[in-house]
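A short write-up of the structure that comes next.
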Amino acid sequence: QVQLVESGGGSVQAGGSRRLSCAVSGIILSLNTMAWYRQAPGKQRELVANIMAGGITNYVDSVKGRFIISRDNAKNTVYLQMNSLKPEDTAVYYCAAGLGLGNPYSWGQGTQVTVSS
């Protein structure tokens, strides 16, 4: 059974940093595409960043240069380091697992990040 459990959300002032973690069980990280999505109030869920099985990373334009996705295969954990946070980064952040470029097949429960100006 695949389980994804996010942690690290909370409130932060604009310009600050936050690191999200996603503890994964039931799959081998290095064989999957791991991703972070977010959903702001009244908006559709969007892909923020992903890391492919081979290690290639991708980011939505709005977070390039500020966010870093990484994984620790030994700890079966995926991270999202968020720097220079902006109020528009406020959202519920979800960890997701998928294969290749396909849609995720498993989701975490989400963690709220609130950035105040």
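Before moving on, here are some points about what is shown:
- The strands (runs of 3 or more DSSP E) found entirely in the stretch 40-117 that carry 1 or more residues being in contact with a helix residue (DSSP H, G or I) (Cβ under 7 Å, 6 or more places away or on another chain), open to solvent by 30 Å² or more (accessible area, probe 1.4 Å) and farther than 19 Å from Q13 by Cα are 67-72.
- Residue, farthest from D89 (Cα to Cα), within the stretch 6-37, restricted to residues that are within 12 Å of the chain's Cα centre (by Cα) and open to solvent by less than 20 Å² (accessible area, probe 1.4 Å): T33
- Among residues of the stretch 55-72 that are under 17 Å from L101 (Cβ atoms), those with a Cβ under 7 angstrom from a residue that is charged (D, E, K, R) and not in a loop (DSSP other than H, G, I, E, B), sequence gap 6+ or separate chain, pair up as V60/E46.
- Residues of the stretch 73-94 satisfying the condition of being in contact (Cβ under 8 Å) with a residue 60 or more places away in the chain and farther than 22 Å from G42 by Cβ: Y79, L80, Q81, N83, S84
The values are calculated or read from the model by the stated rules, or taken from the named source; none is laboratory data. Computed from a predicted model, the values in this text were never measured in an experiment. Ideal geometry is used to build each Cβ from the backbone, glycine not excepted, and the neighbour counts take in all protein chains shown. These area figures cover heavy atoms from the full protein model, side chains too; ligands, DNA and RNA do not enter into them. Shrake-Rupley method; radii C 1.70, N 1.55, O 1.52, S 1.80 Å.
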